[in-house]
1. Do you know the relative contact order of the chain, to the nearest whole percent, from alpha carbon pairs under 8 angstrom that are 6+ apart?
2. Using Cα-Cα distances under 8 Å and only pairs 6 or more residues apart, what relative contact order does the stretch 55-126 have, in percent?
3. Accessible surface of Asp55 in the full protein assembly, 1.4 angstrom probe, to the nearest 10 Å²?
4. Can you send over the carbon and sulfur percentage of the accessible area for the chain, probe radius 1.4 Å, protein chains only?
5. How far is the Cα center of the stretch 12-32 from the Cα center of the stretch 37-63, in Å?
6. Short version: ³J(HN,Hα) in whole Hz for each residue of the stretch 108-122, in order, from phi by Karplus 6.51 cos²θ - 1.76 cosθ + 1.60 (θ = phi - 60°), x for Gly and Pro, what are they?
7. With every protein chain kept in place and ligands, DNA and RNA left out, what is the accessible area per residue of the chain? Probe 1.4 Å, answer in Å².
8. Starting from 0.36 nm per residue, how many nanometres of slack lie between Ser110 and Thr45 once their C-alpha separation is accounted for?
Amino acid sequence: SCTSTGLVLLGETSILGTPGSWAGSGNTISRVFDNDINTFFDAPTGNGDEWVGADLGSIRDIKVIRYYPRQDFTYRMTGGVFQGSQTPDFLTGVQNLHTIASDPPLSWNSITLVGMHMYRYIRYLAPN
């Protein structure tokens with residue numbers, strides 16, 4: 001299941017993504033953006049199609065992605081993908097910005113993107 005925690009967004013945003021939580025635990029997508037590294041999104045299923053993202057309100061050049069994995073579950077992010085799109089449903093015009101290739105450390109992780117990455121919508125897509 002998707003267990004992202006601690007994504008950082010600047011400015012006005014709307015949260016998007018898979019509704020619900022594992023066993024109705026309340027660990028919904030809103031927990032990812034609450035500025036608390038001890039809370040997390042635990043998706044309702046482990047199907048690998050769960051995601052959490054944001055509407056940035058306007059097209060922005062994405063330069064850095066910063067995230068903090070869930071304690072004791074960092075391995076669940078291996079294979080996860082950060083993506084950008086111009087549509088909120090991520091059905092068209094999706095670009096993979098970064099794939100997490102291995103177990104990330106339990107700390108703030110920063111990915112610096114090279115070139116221009118102009119998107120209104122960004123998301124983290126959980127691995128299968």
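The values are calculated or read from the model by the stated rules, or taken from the named source; none is laboratory data. Here the structure is a predicted model, which means the values were calculated and not measured. These area figures cover heavy atoms from the full protein model, side chains too; ligands, DNA and RNA do not enter into them. Shrake-Rupley method; radii C 1.70, N 1.55, O 1.52, S 1.80 Å.
1. Details: 338 pairs, mean separation 40.0, N = 128.
So the answer I get is 31 percent.
2. Details: 145 pairs, mean separation 35.9, N = 72.
Relative contact order, the stretch 55-126: 50 percent.
3. About 20 Å², ignoring ligands and nucleic acids.
4. Working: 3420 of 6500 Å².
Here carbon and sulfur together make up 53 percent of the probe-accessible area.
5. Distance between centres, Cα-based: 8 Å.
6. 5, 10, 10, 10, 8, 8, 9, x, 8, 9, 8, 9, 8, 10, 10
7. Details: 6500 Å² over 128 residues.
Result: 51 Å² per residue.
8. Values: separation 65, 0.36 × 65 = 23.40 nm, distance 2.73 nm.
Stretched out fully, the Ser110 to Thr45 stretch lengthens by 20.7 nm.
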